1. Mind listing the long-range amide H neighbours of Asp395? Cut-off is under 5 Å, sequence gap 5 or more, other chains count too, H placed in the peptide plane at 1.01 Å from N.
2. Go ahead and run the numbers for FRET between Glu190 and Ala326, Cβ-Cβ distance against an R0 of 22 Å, rounding to 0.05.
3. What list do you get for Met8, Met222 if you sort them by fewest beta carbons within 10 Å?
4. Name the GluC sites (Glu not before Pro) in segment 299-356 that are in a loop by DSSP and that have at most 16 other C-beta atoms within 10 Å, would you?
5. If each residue of separation counts as 0.36 nm, what is the full-extension length gain between Asn397 and Arg26 once their alpha-carbon separation is subtracted?
6. Compute the distance in nm between two label points, each set 7 Å from the Cα along the Cα-to-Cβ direction, one at Thr356 and one at Asp342.
7. Subtracting the Cα-Cα distance from 0.36 nm times the residue separation, let me have the gained length for Glu13 to His333 in nm, one decimal.
8. Based only on other Cβ atoms within 10 Å, what is the fewest-to-most ordering of Lys104, Lys12, Lys427?
Amino acid sequence: MSYRELVMIDVKEMLRRRAAGQSVRRVSRDTGINRKTVGRYFEAAATLPLALEHEPTEGEVHEIAQRVQARPLADLSSEWRDLAEHRERIASWLAQNRPLRLRKIHTMLRRDHGLRASYDTLRRFAMKELAWRKKQPTVRLADTDPGEIAQVDFGLMGMLADEAGKLRRLQVLIVTLAFSRYQFVWPSFEQTTEAVCAGLDAAWRFFGGTPRVIVPDNMSAMVSKADDLAPVLVPAFIDYVQARGLFVDPARVRSPKDKARVENQVPYVRESWFDGESFASLDDARAHAEMWCRDVAGRRVHGSTREVPGEVFERDERPKMGAAPATPFDVPHWSDAKVHPDHHVQVLRSLYSVPTRYVGKTVRVRADRSTVKMYVGTELVKMHSRVAPGKRSTDANDYPVGKGQLATRDVASLVASAKKSGEHVGKYAERLLAVPLPWTRMRLVYALLRLCKKFGDGRVEAICQSALAFDLIDVRRITRMLEAAQSFPAAPSGERTVVALAPPRFARTTEHFATRTPAKGDTQ
């Protein structure tokens, strides 16, 4: 007869039959228990003041079972006794900050201390005597308040064709409310921060509100550095939770019990929603998933609470949740960028200017759909409107004084600067730039403005007026004329009057060029 483990109901049945006057043989035949075993229980019952016609009480059954099932401990093997001599040494090796592997401990004991025990015996010894790899008992946490916590996790479903017809791995973002167990499923091809924010916003719209805390997995789209005590969130995700008024408590690494109420829903979603179904597109899968969450998962009787999640949610949880978002979240892009010598940083394949004092430094950049902001520490140093990839946004004020117009090819501003030095200086600048590509001649205007600083606005104004009268558009000639006129007094500073110039070397009066009609009688 094979081995059979007896339970209390079996012992009570044997003693009940004994009280009824049945023999050992008959009890063994009727119950299927070994006759020797029945005999041992009958002998133990005889040692107690237990009448044959009296059915045993619960305490008497327990006492008789203890007497029969008590066994003397087997003698320890020589290998076990050998390991016991090294108990403290093994315990110290396992308690180090970096515990030694049990294989290494076995090798060292055999090599240095002459241990004869096998590795399997050492493993049993460590588990029984030193609690090595012994599972710790779990403690059931108290239920959360309605609307307090939502647990978040991604799960792999299978393959789905995208718009191009290519098969891709279909992931689902599962959001489960911890109190009611009401859940939302958001299919996606990606696990990016943008996909997570879009899925969470879809969940808040589905629930009609937001919880106070979310407990996500340590996925890279949300957590940049996992840590049990001080996890670091992705900057763009921090912007999201701040905009939605949420607090984040990421689960510990390799600790699925921290979010058990969403963790065990992944196989359920796969089997109940995805398996056996066919979807025309990702949008079709999302529409079908929302309907499944509302009409199937939300209307079932939950295995743990024995209540319908949708009913509990509507009755107890929805009134306690925050307001649902009205507009989609603009997920920003955070990056570090170095300011190049040309005063620009590259952000998402576009260029944006930064003031001169930050050239060579690294700035923190936040780019969303409409704006690009640069920070140094906590200071906002520059903000631009977002431009398309391959384009640039340049503020001339970011350049040193006098460099912005040339860098930005701002012809109009350059002409306006020339007009400040004199009316004819401005007109001369306009004549210099009157070509199909005016920015190619901006250096000539800069040279003209330098002459104003060197010789004074009044002298240059007079020379430009004379040059315009003779249609002489040449900055080098203007320079030579100014150098020749240096012997004449300059106009007072700030005045725009025309000063007298030296008479030309071969100047003639107008009478010299006058013609007359010969009178009659004049000889030629």
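1. For Asp395, the qualifying residues are Ser353.
2. Details: r = 25 Å, r/R0 = 1.13.
Plugging the Cβ-Cβ distance into 1/(1 + (r/R0)^6) gives 0.30.
3. Values: Met8 11, Met222 25.
Lowest count first: Met8, Met222.
4. Glu307
5. Details: separation 371, 0.36 × 371 = 133.56 nm, distance 10.85 nm.
Length gained, Asn397 through Arg26: 122.7 nm.
6. Between Thr356 and Asp342, the simple spin-label model gives 1.9 nm.
7. Numbers: separation 320, 0.36 × 320 = 115.20 nm, distance 7.42 nm.
Contour length minus the Cα-Cα distance gives 107.8 nm.
8. On the way: Lys104 11, Lys12 19, Lys427 16.
Listing Lys104, Lys12, Lys427 from fewest to most nearby Cβ atoms yields Lys104, Lys427, Lys12.
Taken together, the values in this text are just the output of simple stated rules run on the coordinates, not laboratory data. Please read these numbers as outputs of a predicted model, since none were measured by experiment. Because the Cβ atoms are built from the backbone with ideal geometry, glycine has one as well, and the counts that use them run over all protein chains shown.
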